[in-house]
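Data block below; observations after.
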Amino acid sequence: GFVIVYARATLFGYGDGPLRFFAHRVIRIVPLYWLVTALYVALALAIPSFAKHYSAPSVLASLFFVPYRGLDGNLEPIVGQGWTLNYEMMFYVIFALTVLASRRVAVALASLALLAAVIAGRIGQPTSDLLSYWSNPIVIEFLFGMAIALAYRDGFRLPQPVAVVAVLAGLAAVLIANATMPVF
């Protein structure tokens, strides 16, 4: 959320903004992701000892960033790390639809859409994997990133002592989380 709002200033409020925004995202992400996904599928076919099998629907879902429960029962794309891209692409679609507006209005509209998805997922208890996935509260992190970008663009900066404490607290939180996580 931060990078998109901060770095894409030239897109807001222009008629071709949504198309330019989405085209840039697709060009930057899709070719390499498709190549890696194709490599995974090819290796699974070529080396049966990997014990990986992918159905045609799971391959298509992975290629088009649609959450899909694979043959192994996991709700993730073929390239496991691609789970983040499933969320990013959802965010990019939402954000592209808002870019016609000014930066602040676009952020507000995108934030409302993300919050609505999370609230709908909590109230409605979605029965489909797709709705359940995209209503996960993790999408609120895009909202935080956008808000921080707006504040930063407006000149807000943390005083240096506060910034140092925040970095140290973040590092401590990571260390504590790693120390308390179960080892599998």
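Scanning segment 128-150 for residues that are surrounded by 15 or more Cβ atoms within 10 Å (Cβ to Cβ), among the hydrophobic types (A, V, I, L, M, F, W, C) and modelled with pLDDT of 90 or more yields V139, I140, F142, L143, M146, A147, I148, A149, L150.
Going residue by residue through segment 53-63, is there one that turns out to be at pLDDT below 90 and closer than 25 Å to V5 by Cβ? No, segment 53-63 contains no residue that is at pLDDT below 90 and closer than 25 Å to V5 by Cβ.
Among the residues examined, Y133 does not qualify as touching a residue at least 24 places away in the same chain (Cβ under 8 Å) and either among the hydrophobic types (A, V, I, L, M, F, W, C) or closer than 25 Å to Y6 by Cα (or both). Scanning segment 100-123 for residues that are farther than 19 Å from Y6 by Cα, at pLDDT below 90, open to solvent by 10 Å² or more (accessible area, probe 1.4 Å) and aliphatic (A, V, I, L, M) turns up at least one hit. Examine segment 63-72 for a residue that is of a type in the set (G, A, S) and either exposed (fewer than 14 other Cβ atoms within 10 Å of the Cβ) or closer than 30 Å to A108 by Cα (or both), and state whether such a residue exists. No, because not a single residue in segment 63-72 is of a type in the set (G, A, S) and either exposed (fewer than 14 other Cβ atoms within 10 Å of the Cβ) or closer than 30 Å to A108 by Cα (or both). Restricting attention to segment 8-52, the residues that are exposed (fewer than 13 other Cβ atoms within 10 Å of the Cβ), modelled with pLDDT under 85 and in a helix (DSSP H, G or I) add up to 5. Please tell me if G82 is farther than 30 Å from R20 by Cα and in contact with a helix residue (DSSP H, G or I) (Cβ under 7 Å, 6 or more places away or on another chain). Answer is no for this residue.
The values are calculated or read from the model by the stated rules, or taken from the named source; none is laboratory data. These numbers come from a predicted model, not from an experiment. Note: ideal-geometry Cβ built from the backbone for every residue, glycine included; neighbour counts use all protein chains shown. With ligands, DNA and RNA removed, areas are computed over all heavy atoms of the protein, side chains included. Shrake-Rupley method; radii C 1.70, N 1.55, O 1.52, S 1.80 Å.
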